[in-house]
1. Could you grab me the full set of residues in segment A:31-54 that are surrounded by fewer than 18 Cβ atoms within 10 Å (Cβ to Cβ) and either in contact with a helix residue (DSSP H, G or I) (Cβ under 6 Å, 6 or more places away or on another chain) or not polar (S, T, N, Q) (or both)?
2. Could you tell me how many of the residues in segment A:27-63 are more than 17 Å from B:Glu93 (Cα to Cα), aromatic (Phe, Trp, Tyr) and in contact with a Leu (Cβ under 6 Å, 6 or more places away or on another chain)?
3. Taking the stated definitions as given, is A:Glu48 more than 27 Å from B:Leu3 (Cα to Cα), in contact (Cβ under 8 Å) with a residue 24 or more places away in the chain and of a type in the set (D, E, K, R)?
4. Can you find even one residue in segment A:16-23 that is within 14 Å of chain B (Cβ to nearest Cβ), under 25 Å from B:Leu4 (Cβ atoms) and crowded, with 18+ Cβ neighbours inside 10 Å?
5. Within the set of pairs 6+ apart or on separate chains, which have a first residue in segment A:52-74 that is away from chain B (no Cβ under 12 Å), a second that is among the charged types (D, E, K, R), and C-beta atoms under 6 Å apart?
6. I'm checking my understanding of the structure. Among residues of segment B:53-87 that are touching a strand residue (DSSP E or B) at 6+ places or on another chain (Cβ under 6 Å) and among the small types (Gly, Ala, Ser), which one is nearest to A:Thr7 (Cα to Cα)?
7. Can you work out which of the residues in segment B:83-112 that are at pLDDT below 95 and more than 18 Å from A:Leu90 (Cβ to Cβ) is nearest to the other protein chains (Cβ to nearest Cβ)?
8. Here's a check for you: in segment A:1-29, which residue that is among the basic types (Lys, Arg) and modelled with pLDDT of 95 or more is farthest from A:Leu88 (Cα to Cα)?
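The values are calculated or read from the model by the stated rules, or taken from the named source; none is laboratory data. In this text, all values refer to a predicted model and were calculated from it rather than measured experimentally. FYI the Cβ positions are ideal-geometry reconstructions off the backbone, even for glycines, and counts take in every protein chain you see.
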Amino acid sequence: KAGVTQTPRYLIKTRGQQVTLSCSPISGHRSVSWYQQTPGQGLQFLFEYFSETQRNKGNFPGRFSGRQFSNSRSEMNVSTLELGDSALYLCASSWTSNAYEQYFGPGTRLTVT
Amino acid sequence: TQLLEQSPQFLSIQEGENLTVYCNSSSVFSSLQWYRQEPGEGPVLLVTVVTGGEVKKLKRLTFQFGDARKDSSLHITAAQPGDTGLYLCAGWESGGSNYKLTFGKGTLLTVNP
């Protein structure tokens, strides 16, 4: 069974631009969660999508948004990029919402200059 | 948001040594998880502990959940270079009907041959 895939793996953007990251969950998994990982703050929860609906949200500004498609693939968008948005963005999939077992993808390394 | 403090932040040891890393909170968690993350990869779930006082063993790794479900420890016996990585503890906290995973900042372990 293929694991969680994230594209692209690396991205360099300029302040003020917007970016879209993609996550394909493990086949059969219907929940996708997004996390931001930085050296200073560690891993922080962004949001979770299940059956195309946002089920849970962390404490991030509205510039961070997401969506989920009918095939469970998910995208995350960050608008008006700031230098502090430079981070590793991880998505994790599970078969249902609130499931203990989450499987993480390798992440997208975003650098904002 | 409940906080998880991990200690030590960094640990460098020789192959064959034993070590313990700690995860502490002032809040009660419904369950705690331990993950290992290697460079360029997402975290991989090692164990979930649910019951206060629970001890789980995974080969040379022993995980313990505190009686009050506020703290946990990970003990590695006879560490090997393959154990090198970032060890993260994470607690599930409830926000009504939805749960989210809160991570500690991790312990970066280096095992030297």
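1. Residues satisfying the conditions are A:Pro39, A:Gly40, A:Glu52.
2. Result for segment A:27-63: 1.
3. No, not satisfied.
4. For segment A:16-23, residues within 14 Å of chain B (Cβ to nearest Cβ), under 25 Å from B:Leu4 (Cβ atoms) and crowded, with 18+ Cβ neighbours inside 10 Å: present.
5. Short answer, once both residue conditions are applied: A:Arg67/A:Glu75; A:Gln68/A:Glu52; A:Ser72/A:Arg30.
6. Of everything passing the filter in segment B:53-87, B:Gly85 is nearest to A:Thr7 (Cα to Cα).
7. Per the stated criteria, the residue is B:Asn98.
8. Checking each candidate, the answer is A:Arg15.
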